[in-house]
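Notes for the one structure printed next.
Coordinate-derived values only; no laboratory data. Note that the structure is predicted; figures quoted are calculated from it, not measured. All Cβ positions, even for glycine, are placed from backbone atoms using ideal geometry, and neighbour counts span all protein chains on display.
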Amino acid sequence: MEISKDKFKVVGTQLEDAEKISKPSLSFWKDVFVRFRKNKLALFGLVLLAILIFMAIFGPMMTEYDYKQNDLANKNQAPSSEHWFGTDDLGRDVFTRTWEGARISIFIGVAAALIDLCIGVIWGGIAGYKGGRTDEFMMRFADILYGIPYLLLVILLMVVLGQGLGTMILAMTITGWINMSRIVRGQVLSLKNQEYVLAAKTLGANTTRIMGKHLIPNAMGPILVTMTLTVPSAIFTEAFLSFLGLGLTPPLASWGTMANDGLPALRYYPWRLFFPAIFICLTIFAFNVVGDGLRDALDPRLRK
Amino acid sequence: MAKYIGKRLLYMLISLWLIVTATFFFMRMAPGNPFTSEKQLPPEIEANLNAHYGLDQPWYVQYGEYLLRILKWDFGPSFKYKSQTVNDLISEGFPVSFLLGLEAIFLAVAIGVLLGIIAALKHNKWQDYTAMIVAVLGISVPSFIMASFLQYFLAIKWGIFPVARWEGFMYTVLPALALASTPMAFIARLTRSSMLEVLANDYIKTAKSKGLSSGAITVKHAIRNAMLPVVTYMGPLTASILTGSFVIERIFGLPGLGAHFVTSISNRDYTVIMGVTVFYSILLLVSILLVDIAYGIIDPRIKLAGGKKGE
Amino acid sequence: MEKILEVKDLKVSFQTYGGQVQAVRGVSFDLHKGETLAIVGESGSGKSVTSQTIMKLIPMPPGQITGGQILFNGDDIVPKSEKEMENIRGKEISMIFQDPMTSLNPTMRVGTQIMEVLIKHQNMSKQEAKKRATELLRLVGIPMPEKRVVQYPHEFSGGMRQRAMIAIALAASPKLLIADEPTTALDVTIQAQILDLMKELQNKMDTSIIFITHDLGVVANVADRVAVMYAGQIVEMGTVDEIFYDPRHPYTWGLLASMPSLENDNDAELAAIPGTPPDLTNPPKGDAFAARNQYALAIDFEEEPPMFQISETHFAKTWLLHPDAPQVNPPESVMKRIRKLSSNFEKPVLVKEGK
């Protein structure tokens, strides 16, 4: 082997080369987005969600019918070019009512999730940040409330408060926030003692900076996932209550009340149950897979 | 262990007391007097009725008597059906609900665990994807919709199963399936993720380095540890089966307690709603307590710690 | 001496999202009966992967043996099936892992975990196995073994658990024991006890040991020979004396210089090796250590160095041993240790490729 002598010269370390990282560095949320995009099912859920929301906004305008307009001459019609999803026992157009129902169901879901978020973040945030006695007391309180069977309490409240949109959201959120508060507290508790937060403190970062730069972005993930998964459970609860006859009062349409109305006629007019039922499932499905996809995308253990 | 159970028991009693108290005051707040809803009663009869049910007493006396009655396992009368008490309803309807619930729990656990284990062992293969899509569908279809679909296709259209009523085993299959579908899906997902976590543990590698076959590792080392989170899900499972039974029993026309409860809700039969709610709460809280104790027995680490997962 | 293990040009890689990671890039060594070989290196140097590959414990996929042979008693285990491996694992070769806190099953009695090996490999009945498990616990120095045998791992301290792990590993009297950083997770005082126990049992059972560590200090106590790994390759290998008193590879110098020692003068500074190990998805051209090497030659950035032989047992993979290379002196703290070893050849000899 012949190698020219000048190759044998000490040149020493070349650390710039060694420290060069071959992978481009991505910001946290960009990284999350990239991973989310790889998840076909979650992406499908997101598209589905977009379509459902689009239809909830524009669907009722696509027909000449009004959701509460009775047409007794045309009751219980099967789906046709005239009535795309058929008509119900009062001759109302099921297509129009379905999208009208979508508005209400999605509104209930989102409203419940937002209220849970507000109460949960405040309660859990204070408990986690203060720690000690305050934390102990606040969490014991939440524990005891949590011990009360959720749906039973909601049913009880609906019986007492009377039916209606507002009472329904109130009934759902009265113990619904506990889950969120536990998650927020857990996040705050674990994050505030993380080395990098301590490091930021030692470097002289003030509280606002620590909150804004470290605590909130890191707690954001689990909070977002919990919210995404609260929406379908609220939609489910609405449908469930309506199915028990504790839902909205007619002529308001929600998917739950429509399914409830359709049930006795299942044998002869199945579309009256099937259309709202299918959209309940699709919506819950879409929120669930988006939530799952987000959680997987946020989980650093899956990072490669 | 005793301290652990004691603590759980205390929380349970506080929750229970809260529920009983809340039901009591909610029902007093509820619109109208129980007897006013149907037809106008002559004042003297109403006064008689009020006296008969103790409604003319001040609220704290009523409350005290109510608590005492619950302690004596007496859930009160029905205002709508004079001859029937809540205890009658329970002894009549609960056996049906209980049987149906047991069948559904069995289905949910057996199929859910099996699906979850297969998915974890075949991680990222088609079996995994299939099982998880089935699971996410199961979670997305509420039990009452599942029930209507099953009833429409399997009973009305194809006539494989009877449509409704309670006259033998075949009559229980569809309701139990409908009740089990959502929790089954949850259990499948839970089992899968906890199984994957367990399989990544060092002690699985130790077991492999001993020369154990993968079958022996799965059965002896992985499944038992993976079952721990599934055991904690038994409490929520009971709750889900129980509340699910309200609508399922109604759809399939079963004479269970859930169906009676729904009827009492639509009749606004307050004393029955109250009594059944309290009964359900006791049932749920006791089953959650039992699950906690069972967990303590299964996980040897709990005995010393007196809390969950010591160390 | 009888050769028990011979690893020839072993290559292992892992398929990841970021591409193929070449974790082990052509490793060769051998091991004699009753001998202890220490494999030393930083985390990510491929030492654990190498050892786990010997038992085929790496998950496949994503792991894959892309080349080479592992001859155990002259028998290549690379092509062996899982079923065949089950009769080797635990019986012929066994392993102790780094963290005793996680390597025992938390919901299974310690005794049962030992008995599993005995029932599988020694065809013992449950009663016999339980008796033997108790004896083994006594052998590894656990007091009151009759009581301990029915306890769960959380009732054991860290050191006790590692003793129990050793009992599991040695239950079937294997010919080869692989210890993957067995003392890293333990207190210093316990470390010494565990090392003593391993040596004592090795003498009793005549087992060969592969001892994996990142701690050169431990090596001096336990090993007969040492292999230094860097970036998936063995860069220097020799007897303990050769590595400690006549190291030739700049990476070994770096490791020795960064090791605190009582003999060092108080004013002698501990020298750290600058930089971080290379990304093995995309191994650098030439010598993988070049970028961090203050003695790097121009050629190190172009051409991978060949293996040079310094004595019958001493090998190093560096261009510095080439006849044309300049004379460089190792760091001062290493300089002080260097002794003339009589077994050295007159001049380093180039080892021909494909030997």
| query | Within chain B, which complete DSSP H helices have Cα atoms spanning at least 20 Å along the helix axis and a mean Kyte-Doolittle hydropathy of 0.5 or higher? | reply | B:2-29, B:86-121, B:126-140, B:169-199, B:234-251, B:270-298
| field | At R0 = 60 Å, FRET efficiency that the Cβ-Cβ distance of C:His32 and B:Gln127 yields, to 0.05 | value | 0.85
| field | Residue with peak Gaussian network fluctuation, chain A [Cα springs, cutoff 10 Å], from A:Asp116, A:Asp88, A:Asp31 | value | A:Asp31
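Out of all Cα-Cα pairs in chain C, roughly what percent, to the nearest whole number, are more than 29 Å apart? Before the final figure, lay out the partial values.
Numbers: 27044 of 62835 pairs.
Summing the P(r) tail past 29 Å for chain C gives 43 percent.
Calculate, in nm to one decimal, what A:Arg133 and A:Trp29 gain on full extension: separation in residues at 0.36 nm each, minus their alpha carbon distance. Please report the intermediate quantities before stating the final value.
On the way: separation 104, 0.36 × 104 = 37.44 nm, distance 3.55 nm.
Going from the current span to full extension adds 33.9 nm.
What does the charge count around C:Gly232 come to, taking other residues whose C-beta lies under 9 Å from its C-beta (Lys +1, Arg +1, Asp -1, Glu -1)? Don't jump to the answer; show the numbers that get you there.
Details: positive: C:Lys11, C:Arg25; negative: none.
Local net charge: +2.
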| query | At q = 0.23 Å⁻¹, what log₁₀ I(q)/I(0) does a Debye calculation on the Cα points of the range C:1-61 give, no solvent, two decimals? | reply | -1.04
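Counting other C-beta atoms within 10 Å, and keeping those with at most 15, which DSSP coil trypsin sites (Lys or Arg not before Pro) do you find in the range A:23-115? Please list the in-between numbers first.
Values: sites: A:Lys30, A:Arg35, A:Arg37, A:Lys38, A:Lys40, A:Lys68, A:Lys75, A:Arg92, A:Arg97, A:Arg103; in loops: A:Lys68, A:Lys75, A:Arg92.
For trypsin sites (Lys or Arg not before Pro) across the range A:23-115 that sit outside H, G, I, E and B with at most 15 neighbouring Cβ atoms in 10 Å, the list reads A:Lys68, A:Lys75.
Normalised by the empirical 2.2 N^0.38 Å for globular proteins, what value does the Cα Rg of the range B:89-265 take? If you can, show how the numbers build up before the last one.
Working: Rg = 18.7 Å, N = 177, 2.2 N^0.38 = 15.7 Å.
That ratio works out to 1.19.
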| query | Rounded to the nearest 5, what is the percent of antiparallel bridges among the DSSP beta bridges in the protein assembly as shown? | reply | 65 percent
| request: Would you look at the GNM of chain B, springs on alpha carbons closer than 10 Å, and say which of B:Glu92, B:Glu249, B:Glu44 moves the most? | output: B:Glu44
| Could you give the angle, 0 to 90 degrees to the nearest 10, between helix A:94-130's Cα long axis and the longest principal axis of the Cα atoms of chain A? | 40 degrees
| note | Taking Cα atoms only, helix A:150-161 is inclined relative to the longest principal axis of chain A by an angle, in degrees rounded to 10, of 50 degrees
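What does the charge count around B:Thr172 come to, taking other residues whose C-beta lies under 13 Å from its C-beta (Lys +1, Arg +1, Asp -1, Glu -1)? Working shown, then result.
Values: positive: B:Arg165; negative: B:Glu103, B:Glu167, B:Glu249.
Local net charge: -2.
Under the √(5λ) rule applied to the eigenvalues of the Cα gyration tensor, what semi-axes describe the equivalent ellipsoid of the protein assembly as shown? Give them in Å, descending. Can you show the working numbers first?
Numbers: eigenvalues 909, 205, 143 Å².
Each semi-axis is √(5λ); the values are 67, 32, 27 Å.
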| query | In nm, to one decimal, how far is the modelled label at C:Ser342 from the one at C:Lys3, with both set 7 Å along Cα→Cβ? | reply | 2.8 nm
| Which FRET efficiency, nearest 0.05, do C:Thr281 and B:Arg224 yield, Cβ-Cβ r, R0 41 Å? | 0.60
| Distance from the range A:44-107 to the range B:108-152 (C-alpha centre basis), Å | 30 Å
| said: If you fit an axis through the alpha-carbon atoms of helix C:110-121 and take the longest principal axis of the Cα set of chain C, what angle between them do you get, 0 to 90°, nearest 10? | reply: 80 degrees
| query | How high is the FRET efficiency from C:Thr184 to A:Leu114, r the C-beta distance, R0 51 Å, rounded to 0.05? | reply | 0.55
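Taking chymotrypsin sites (Phe, Trp or Tyr not before Pro) as candidate sites, keep only those in a DSSP loop with at most 14 other Cβ atoms within 10 Å, then name the longest stretch of chain C containing none of them. Please report the intermediate quantities before stating the final value.
Working: sites that count: C:Tyr17, C:Phe345.
The longest such stretch corresponds to C:18-344.
For chain C, what's the relative contact order in percent, using C-alpha pairs closer than 8 Å and at least 6 residues apart?
Details: 651 pairs, mean separation 64.8, N = 355.
Relative contact order comes out at 18 percent.
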